[in-house]
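What follows draws every value from the coordinates through simple rules; no lab data is involved. In this text, all values refer to a predicted model and were calculated from it rather than measured experimentally. No Cβ is skipped: glycine too gets one built from the backbone with ideal geometry, and neighbour counts run over all protein chains shown.
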Amino acid sequence: MFPINLALIFIFCLALVIFSALNMESVTIHLVGGQTVSLPLAIELVVAMGIGAGLTWLFSLWSQFQRMLTRRDVRQRDKKIETLEQDIARYKADLTTQPSLPPASPSTESSSAA
């Protein structure tokens with residue numbers, strides 16, 4: 001998969017370089033607050049790609065962080081389930097080893113009421 005990704009990135013960058021070399025005229029960008037910037041199109045494209053690459057990297061870090069937290073939560077849940085299953089097994093063993101209770105004797109209150 002890595003060679004395919006590398007080839008796609010190379011082709012995309014090559015296309016951007018060719019497009020930028022053919023479009024060197026100055027263009028104006030209107031920014032927030034009424035400010036304008038006038039630079040060659042090639043520079044603006046490279047800056048826009050850099051910002052996009054940086055944001056992509058930040059979002060990938062964020063998603064890796066979320067996956068790490070999810071894995072940690074799953075591991076904690078698995079440990080909790082394991083301890084609860086051990087407790088259940090211990091309680092079942094305790095129930096089977098306990099002596100049985102003697103049968104209930106008839107109470108004197110119910111016989112005197114009859």
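Over the Cα atoms of segment 1-74, what radius of gyration and what Dmax do you get, in Å?
Over segment 1-74's Cα set, Rg and Dmax evaluate to 17.9, 55 Å.
For the chain, set up a Gaussian network in which alpha carbons nearer than 10 Å are linked by springs, and say which option among 32, 46, 74 fluctuates the most.
Greatest mean-square fluctuation among the candidates belongs to 32.
Can you tell me the orientation of helix 2-22 relative to the chain, as the angle in degrees between its alpha-carbon axis and the longest Cα principal axis, to the nearest 10?
Value to nearest ten degrees: 30.
For 24, 1, what ranking results if the residue with the fewest other Cβ atoms within 10 Å of its Cβ goes first?
1, 24
Just to be sure I understand the model, the point goes 7 Å from the Cα along the line to the Cβ. What's the resulting residue 25 to residue 71 distance in nm?
5.2 nm
Compute the helix-to-body angle for 41-97: its Cα long axis versus the longest principal axis of the chain, expressed 0 to 90° and rounded to tens.
10 degrees
What residue among 66, 38, 50 has its Cα farthest toward the positive end of the dipole of segment 4-114, where the charges are +1 on Lys, Arg and -1 on Asp, Glu, each on the Cβ?
Of the listed residues, the answer is 66.
Based on Cβ point charges of +1 for Lys and Arg and -1 for Asp and Glu, what charge dipole magnitude is obtained for the chain about its Cα centre, in debye rounded to the nearest 20?
On the way: 9 positive and 9 negative charges, 49 e Å.
Magnitude of the dipole: close to 240 debye.
At 0.36 nm per residue, and after removing the present C-alpha to C-alpha distance, how many nm does the segment from residue 53 to residue 16 gain when stretched out fully? Before the final figure, lay out each step's value.
Values: separation 37, 0.36 × 37 = 13.32 nm, distance 1.41 nm.
Here the segment from residue 53 to residue 16 would lengthen by 11.9 nm.
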